[in-house]
Amino acid sequence: MTVVVIGTGADWQAARLMHDGLPFECLVDPDANFYRALGIGRVGIGEWLRPSTLRRYLGAYARGARQGRVTGDWRRLSGVALIATDRTVMWSYIADGVGDYPTVGEVMRALHRYQ
């Protein structure tokens, strides 16, 4: 299976991920067309003020997730999807709020199920 990672960051972020050992080709979609196609939304300002947001961020931090430099739309929620070459969404994880991220282990287990 060919794996390509698509993000909404900048070119330099994709290059750095691949340089640092990401074992997949990493592309960027700065206009967030891919995110819109997956139905990943945006959050309102009030979401940032909720205690649940702080809990999710602290939980993600404890699992090793670190927020890098924000590029693009800072209100866009996160998401991960595995897409087949025929454009079928095989697996996805769409955040339900700020700081809601899958673990790397979850993504890798999903990837291995479809290889």
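Quick note: the coordinates plus some simple rules give every number you see, no bench work behind them. Not measured: the values here are computed from a predicted model. Cβ sites come from the backbone with ideal geometry, for glycine too, and all protein chains shown count toward neighbours.
Taking the criterion of being assigned to a strand (DSSP E or B) and surrounded by 15 or more Cβ atoms within 10 Å (Cβ to Cβ), would at least one residue in the stretch 21-28 satisfy it? Yes, the conditions are met somewhere in the stretch 21-28. Taken over the stretch 66-115, the residue count meeting the criterion of being of a type in the set (D, E, K, R), assigned to a loop (DSSP other than H, G, I, E, B) and closer than 19 Å to residue 36 by Cα is 6. Comparison of 80, 98, 89 shows that the only residue that is touching a residue at least 24 places away in the same chain (Cβ under 8 Å), touching a Lys or Arg at 6+ places or on another chain (Cβ under 9 Å) and among the β-branched types (Val, Ile, Thr) is 98. If the condition is being part of a helix (DSSP H, G or I) and either surrounded by 14 or more Cβ atoms within 10 Å (Cβ to Cβ) or in contact with a Phe, Trp or Tyr (Cβ under 8 Å, 6 or more places away or on another chain) (or both), then the stretch 1-17 contributes 13, 14, 16, 17. With respect to the numbered conditions (1) touching a residue at least 12 places away in the same chain (Cβ under 8 Å); (2) surrounded by fewer than 16 Cβ atoms within 10 Å (Cβ to Cβ); (3) part of a helix (DSSP H, G or I), which one is the sole condition not fulfilled by residue 53? For residue 53, the failing item is (2).
Entry remark, the stretch 28-87: residues being of a type in the set (Gly, Ala, Ser) and over 15 Å from the mean Cα position of the chain (by Cα) number 6 in total.
Here residue 108 clears all of (1) surrounded by 12 or more Cβ atoms within 10 Å (Cβ to Cβ); (2) closer than 15 Å to residue 5 by Cβ except the condition numbered (1).
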